[in-house]
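One structure is given below, encoded as structure tokens.
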């Protein structure tokens, strides 16, 4: 019996010293985190969408020089951020993606964020190439088209993605802020 303890004790000690590594599930095939495009945020840092993993994402596509629909979308995003519980805001990113990458440089996005009081850590502004922007718009079924040198015609869509990058919901047209906030809350609870 004593010999049995001598054999078992080292095994127990060894298994107790092992690192407890979290096993990450593979991404679903329809996750936005599978897109390999490169982006720059408002701080000029390069990233891929997969770097936004593990948080609920509220996403809208805008351009900073817009004078009609985008200010309304920005206002809706700010209202959504205000209504998300402070407990859930730490696990949420509000992502604004520019459809005008030539104009919306990281410096311009940073200035826009500052001017609109959207410079807290949960706010992420992204710009990329025209190709990457179009690819992402296609994933969202968001349509946009340049109609003059300084104007775009575009869909008004706010999308919510789960921490695994899967689309949870979309609001189009007259955005129901309460519905988006409810979806964010439910998504955050489900991922706890």
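The values are calculated or read from the model by the stated rules, or taken from the named source; none is laboratory data. From a predicted model like this one, the values you see are computed outputs, not experimental measurements. Glycine gets a Cβ as well: all are built from the backbone with ideal geometry, and neighbour counts include every protein chain shown.
Scanning segment 130-182 for residues that are over 20 Å from residue 37 (Cβ atoms), out of contact with any strand residue (DSSP E or B) (no Cβ under 7 Å at 6 or more places or on another chain) and in a loop (DSSP other than H, G, I, E, B) returns 149, 150, 173, 174, 176. Scanning segment 139-161 for residues that are modelled with pLDDT of 90 or more and farther than 17 Å from residue 100 by Cβ yields 139, 158, 159, 160, 161. Can you find a residue in segment 108-121 that is touching a strand residue (DSSP E or B) at 6+ places or on another chain (Cβ under 6 Å), within 20 Å of residue 50 (Cα to Cα) and free of Cβ contacts under 8 Å to residues at least 60 places away in the same chain? Taking every residue of segment 108-121 in turn, none turns out to be touching a strand residue (DSSP E or B) at 6+ places or on another chain (Cβ under 6 Å), within 20 Å of residue 50 (Cα to Cα) and free of Cβ contacts under 8 Å to residues at least 60 places away in the same chain. Filtering segment 78-107 to residues that are at pLDDT below 95, more than 24 Å from residue 152 (Cβ to Cβ) and either in a strand (DSSP E or B) or touching a strand residue (DSSP E or B) at 6+ places or on another chain (Cβ under 9 Å) (or both) leaves 88, 91.
Taken together, the residues in segment 100-125 that are surrounded by 14 or more Cβ atoms within 10 Å (Cβ to Cβ) and under 17 Å from residue 47 (Cα atoms) amount to 10.
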